[in-house]
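A.B. asks: Okay, here's the structure, questions in a sec.
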Amino acid sequence: MDLILLRHGKAEMAHPSGDFSRSLVEKGRNQARRAGKLLRNAGLLPEIVLTSPLIRARQTADEFCEAAGIPGAVIQGWLASGMHPESALKELAAFQDFKRVTIVGHEPDLSGFIGWCLGTSGSIHMKKGSLACLEILPPSRIGTLKFLIPPKLAEESET
């Protein structure tokens with residue numbers, strides 16, 4: 001499967017109700033919409049979008065799906081902040097019949113997952129609103145990085 005990872009967009013710094021309730025700011029909404037348009041224009045739309053239950057990730061997934069013109073995301077508790085690569089891969093095995101899946105999550109979870117699948121101890125950093133694509137075949141952890149697109153490139157592709 002092609003696993004597209006989307007880091008949530010820029011969110012407010014704090015929320016009185018705690019981290020779970022932090023919402024996207026307008027820049028974050030724009031980042032998510034640009035990611036959706038970029039994949040739609042590239043012909044790389046996912047068959048399903050899975051998202052963390054945290055507000056900022058759900059809002060990112062909603063904006064992404066709307067801009068891409070695809071059905072809304074499915075909330076998955078295992079994508080919450082603190083996701084472990086081994087657990088994520090086991091959970092993704094349930095979606096192995098899909099050719100292309102997008103997950104919306106958090107740092108350092110997403111970069112850690114990429115590094116783990118690539119078998120590297122090196123650092124990969126996903127900025128807010130960035131996209132990455134791994135070719136993986138769950139439950140195998142061996143993956144190939146197909147692309148990593150920072151939000152600035154998605155912004156420039158609109159012009």
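A.B. asks: With the requirement that a residue be in contact with a His (Cβ under 6 Å, 6 or more places away or on another chain) and of a type in the set (A, V, I, L, M, F, W, C), what does the stretch 50-103 give you?
C.D. replies: The answer is ALA57, and nothing else.
A.B. asks: Could you tell me which numbered condition VAL74 fails, if it satisfies all but one of (1) exposed (fewer than 14 other Cβ atoms within 10 Å of the Cβ); (2) of a type in the set (A, V, I, L, M, F, W, C); (3) modelled with pLDDT under 95?
C.D. replies: (3)
A.B. asks: Are there any pairs, at least 6 apart or on different chains, whose C-beta atoms fall under 8 Å, with the first in the stretch 8-20 and over 24 Å from ALA35 (Cα atoms) and the second assigned to a loop (DSSP other than H, G, I, E, B) and of a type in the set (D, E, K, R), and if so, which?
C.D. replies: Going by the 8 Å Cβ cut-off, the qualifying pairs are ALA14/ARG22; HIS15/ARG22.
A.B. asks: Restrict the check to the stretch 127-136 and report whether at least one residue is free of Cβ contacts under 8 Å to residues at least 60 places away in the same chain and either closer than 20 Å to LEU39 by Cβ or not in a loop (DSSP other than H, G, I, E, B) (or both).
C.D. replies: no
A.B. asks: While we're here: Can you pull out the residues in the stretch 1-41 that are farther than 30 Å from GLU135 by Cβ and not hydroxyl-bearing (Ser, Thr, Tyr)?
C.D. replies: Correct list: GLU12, MET13, ALA14, HIS15, PRO16, GLY18, ASP19, PHE20, ARG22, VAL25, GLU26, LYS27.
A.B. asks: A further question follows. If I filter the stretch 106-129 for residues that are crowded, with 16+ Cβ neighbours inside 10 Å, modelled with pLDDT of 90 or more, among the small types (Gly, Ala, Ser) and touching a His at 6+ places or on another chain (Cβ under 7 Å), do I get at least one hit?
C.D. replies: Among the residues of the stretch 106-129, at least one is crowded, with 16+ Cβ neighbours inside 10 Å, modelled with pLDDT of 90 or more, among the small types (Gly, Ala, Ser) and touching a His at 6+ places or on another chain (Cβ under 7 Å), which makes the answer yes.
A.B. asks: Further question: Kindly evaluate GLU66 against the criterion of being of a type in the set (Asp, Glu), farther than 19 Å from ALA132 by Cα and modelled with pLDDT of 95 or more.
C.D. replies: yes
A.B. asks: Name the residue that is surrounded by the most Cβ atoms within 10 Å (Cβ to Cβ), counting only residues in the stretch 10-35 that are touching a strand residue (DSSP E or B) at 6+ places or on another chain (Cβ under 9 Å) and under 30 Å from GLN96 (Cβ atoms).
C.D. replies: Among them, the one singled out is ALA32.
A.B. asks: For the stretch 137-158, give me the residue count where each residue is closer than 24 Å to GLU12 by Cβ and part of a loop (DSSP other than H, G, I, E, B).
C.D. replies: So the answer is 1.
The values are calculated or read from the model by the stated rules, or taken from the named source; none is laboratory data. It should be emphasised that the depicted structure is a prediction, and the values quoted were computed from it without experimental measurement. Positions of Cβ are generated from backbone atoms using ideal geometry, with glycine treated the same way; all protein chains shown enter the neighbour counts.
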